[in-house]
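Notes follow once the structure below has been shown.
Laboratory data are not the source of any read-out in this text; all were calculated from the coordinates shown. If you're wondering where the values come from, they're calculated on a predicted model, not measured in any experiment. Quick reminder, even Gly has a Cβ in these numbers, built from the backbone with ideal geometry, and neighbours come from all protein chains shown.
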Amino acid sequence: MQIFKIAVLISGNGSNLQAIIDNFRDEVGIEISSVISNKADAYGLTRANREGIETHIVNHEDYSSREDFEKELIRILKKESPDLIVLAGFMRILSNLFISEYYGKLINIHPSLLPNYKGMDTHRRVLENNEEFHGVTVHYVDNSLDGGPICAQSKIKIDTKDQKKLEEQIHELEYKLYPDVIKNIASGKMRLYRGEVVKQ
Ligand code: GAR
């Protein structure tokens, strides 16, 4: 049986990683083959270690250029040849070197309804602007910042002014949406074809 291998790149808490782990723990045919963090103290590494998932730390500060940092990521990933690379709170901008290597196999989750609210601090900005809706987006990664063909979005009507509460609500959407998209890609129901997301 062919195993669909996922590599997850993180920088911090890794609660999305946890949701992915929990969703696929009993799923035969889908495996998290490795977790890579650019931060040695990322709590997501603890989550991966306690599941027995292989972890790597590639600290961007140890490299003199973005290119060298990404070359090391690629070197590690090449050894495992994952079918999909999942950015889950990975807070480094990736250059064309990395993206062109994995275009079509690289997805990201962003806490906003893209193309609105690219970048950081989305919950605060959404509240400040008195938006009616907020949400999350999973997208294939291309060369644009928080851009690329959209796989799926979930949204909620905002019913709070409390940023922490809004963030928690958004996290709950993420924990469902990201595993759903990964499942669809793994089963061949979703893929990138000529720059567009095709769903079957
Ligand atoms: C998530 O909310 C994710 O959408 C966001 O970082 C958080 C990571 O949380 N990603 C971005 O902002 C990417 N631009 P986690 O480490 O607990 O999964």
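Strictly over 19 Å apart at the Cα level, which of Lys105/Lys183; Lys39/Lys78; Lys71/Lys118; Lys157/Lys189; Lys5/Lys39 would you flag in this model?
Values: Lys105/Lys183 14 Å; Lys39/Lys78 21 Å; Lys71/Lys118 26 Å; Lys157/Lys189 29 Å; Lys5/Lys39 23 Å.
Correct reply: Lys39/Lys78; Lys71/Lys118; Lys157/Lys189; Lys5/Lys39.
Taking a ≥ b ≥ c as the square roots of the eigenvalues of the alpha carbon gyration tensor, segment 1-89 is oblate, as a/c is not under 1.5 and a/b does not beat b/c.
Computed from phi, the 3J(HN,Hα) profile of segment 43-52 under the Karplus parametrisation 6.51, -1.76, 1.60 (θ = phi - 60°) reads 5, x, 5, 5, 4, 5, 4, 6, 9, x Hz, with x in place of Gly and Pro.
Using a simple charge model, +1 on the beta-carbon of Lys and Arg, -1 on the beta-carbon of Asp and Glu, nothing else, what dipole does segment 1-117 show about its Cα centre, in debye to the nearest 20? Before the final figure, lay out the partial values.
Numbers: 12 positive and 16 negative charges, 19 e Å.
Computed charge dipole of segment 1-117: roughly 100 debye.
With q set to 0.09, 0.15 Å⁻¹, the log10 of I(q)/I(0) for the chain, from the Debye formula over equal scatterers at the Cα positions, is -0.32, -0.93.
Amide H contacts of Phe4 (H built 1.01 Å from N, in plane; Pro and chain starts excluded): Ile30, Glu31 sit under 5 Å, all sequence-distant by 5 or more or on other chains.
State to the nearest 20 debye the size of the charge dipole of segment 42-200 about its Cα centre, where the only charges are +1 on K and R beta carbons and -1 on D and E beta carbons. Present the calculation step by step, with values, prior to reporting the outcome.
Numbers: 23 positive and 25 negative charges, 92 e Å.
So the magnitude is around 440 debye.
At 222 nm, what helix-only mean residue ellipticity would the chain give, in deg cm²/dmol to the nearest 500, using -39500 (n - 2.57) for each DSSP H run of four or more?
Numbers: 6 runs with 71 residues, N = 200.
-11000 deg cm²/dmol, from helical runs alone.
In the calculated pair distance distribution of segment 83-200, what percentage of Cα-Cα distances lie above 18 Å? Everything past 18 Å amounts to 50 percent. For segment 149-160, just list the computed ³J(HN,Hα) in residue order, Karplus coefficients 6.51, -1.76 and 1.60, θ = phi - 60°, integers in Hz, with x standing in for Gly and Pro. Result, rounded to whole Hz: x, 7, 7, 6, 9, 10, 9, 10, 7, 6, 10, 8.
Here's how it looks for Lys39: its modeled amide H is under 5 Å from those of Val58, which are all 5 or more places away or on a different chain. Remark: segment 100-110, residue by residue, has Karplus-estimated 3J(HN,Hα) of 5, 5, 10, 3, x, 10, 10, 10, 9, 10, 10 Hz, where x stands for each Gly or Pro and the curve is 6.51 cos²θ - 1.76 cosθ + 1.60 at θ = phi - 60°.
Positive-end ranking of Phe133, Leu166, Phe90 along the dipole of the chain, with charges on Cβ about the Cα centre, is headed by Phe133. Among Leu73, Leu87, Leu17, the largest mean-square fluctuation in a Gaussian network model of the chain (Cα springs under 10 Å) belongs to Leu73.
Can you give me the relative contact order of the chain as a percent, contacts being Cα pairs under 8 Å and 6 or more apart?
Numbers: 352 pairs, mean separation 36.1, N = 200.
Taking the mean separation of contacting Cα pairs over the length of the chain, I get 18 percent.
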